[in-house]
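This report concerns only the one structure given below.
The values are calculated or read from the model by the stated rules, or taken from the named source; none is laboratory data. These numbers come from a predicted model, not from an experiment. Glycine gets a Cβ as well: all are built from the backbone with ideal geometry, and neighbour counts include every protein chain shown. These accessible areas exclude ligands, DNA and RNA; they are computed on the full protein's heavy atoms, side chains included. Shrake-Rupley method; radii C 1.70, N 1.55, O 1.52, S 1.80 Å.
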Amino acid sequence: MAQRPKPEEIVSKLRQVDVLVSQGQSVAASIRAIGVTEVTYYRWRKEYGSLKSDQVKRMKDLETENQRLRKAIADLTLDKLILQEASPGKLLSPARRRACVEHIMLTMDVSERRACRALGQHRSTQRKVPRGRDDEEALTTDLVALAEKYGRYGYRKISALLKAAGWFVNDKRVERIWRREGLKVPVNQPKRGRIWDNDGSCIRLRPEYRNHVWSYDFVEARTHDGRKFRMLNVVDEFTHECLAIRVDRKLKAVDVIDVLSDLFILRGVPGHIRSDNGPEFVAKAVQAWITGVGAKTAYIAPGSPWENGYVESFNARLRDELLNGEIFYTLREAQIVIESWRRHYNTVRPHASLGYRPPAPEVFMPAFTAWPAALARPAPPAKLPVVERPTVH
């Protein structure tokens, strides 16, 4: 089967017919001379007209360039449609890109090669089966259990608890599982002002060592029957340890002295005691008693709770993590549950300002070091005593 002549050859034959006609031959004879039919000749004449060979070559190059541009525009349009169909946001992980490529292949009916090129996914990565870690399921179970138990803890505190439980895991892996499971703690941080000296320094007595500055404040709550009860919270500002929480229906200046006297006997006299200007704290009896034992009072400016930030922060944690989620039916129940939470706060709960460590972690001591009288016993116990951790409701 004869091949179709090239455009240059067609133009040459048309020029040959023109030359023969100019020499006096008829058109029909000239057409027979180039070896084609009249129908083919007139079709060539209509398509190429009086073009010359260089013009035909230029037209052919333009057609080739036009086809290339059309293909490029089609590819760019398809890439745009693929990116629009893909999930919003950046596809930072290979797993997200893998899922997105599969979605594009199903919805747009394109090949895997085309979808991978548009989304920047290597085909070997697309076909690789993710293996995962052997302990992923167990870690996820423990993480979710801790998140359910401590609903107001973020992933950093949960990570500290997992490490304390024996998991060798970093915060990034915990955060990845945290986000995958859809866990979230809402954070509402109000803006607070400051009181400044003329030199730009904040007016605050800052703690420098243990028992340097204590702060105390009252918190109110209600039992299920609607009756109000009060809590007196005492915090060591340097260690962040909650020294005591006194719970009762009414707390007066005498009760403040009673709580402080027990703490002074147990832990020693602090250098300063910070409080607001409540009537229980500014009472003459309280001031005289504190001065008599060798401590100093540090009262904040009226209407400036941020100057007593340590105990205010503790009050917020107490209300957020316990009081807002508990129903107390009796005062005795409130005393037991709050004291249990205080021990958990001191011994187990991770503190961000302390490097996610509790302020007073539990220690396991042999009986002969904990009790001097045990030296007179016949033999020490074979097994070290284990202190039971408090249960948080």
Heavy-atom accessible area per residue - the range 255-328, 1.4 Å, Å² = 46 Å²
Simple spin-label estimate for Lys184 and Gln25 in nanometres, 7 Å along Cα-Cβ | 8.7 nm
Rank-order 153-159, 11-17, 277-283 by packing density, defined as the average count of other C-beta atoms within 10 Å over each peptide's residues, highest first.
-> 153-159, 11-17, 277-283
Of all accessible heavy-atom area on the range 58-142, the percent that carbon and sulfur account for (1.4 Å) = 55 percent
Under 5 Å, built H, 5+ apart or other chain: amide partners of Arg274 | Trp214, Ser215, Tyr216, Ala298
Here the gain from full extension of Ser353 to Lys228, 0.36 nm per residue of separation minus their alpha-carbon distance, amounts to 41.7 nm
Exposure ranking of His103, His351 by accessible area [1.4 Å probe, largest first] = His103, His351
Volume per residue of the C-alpha convex hull in the range 201-349, rounded to whole Å³ = 119 Å³
Whole Å is fine, so just give me how far the alpha carbon centre of the range 215-254 lies from that of the range 284-324.
-> 10 Å
Going down the table (Lys157/Lys228; Lys60/Lys80; Lys149/Lys184; Lys80/Lys172; Lys46/Lys71), which pairs top 25 Å between alpha carbons?
-> Lys157/Lys228; Lys60/Lys80; Lys80/Lys172; Lys46/Lys71
For Phe218, Phe328, write out the residues from largest to smallest accessible area, computed with a 1.4 angstrom probe and no ligands counted.
-> Phe218, Phe328
Å² per residue, accessible surface of the range 69-131 at 1.4 Å | 74 Å²
Of every hundred units of 1.4 Å-probe accessible area on the range 249-368, the number belonging to carbon and sulfur atoms, as a percent, is 58 percent
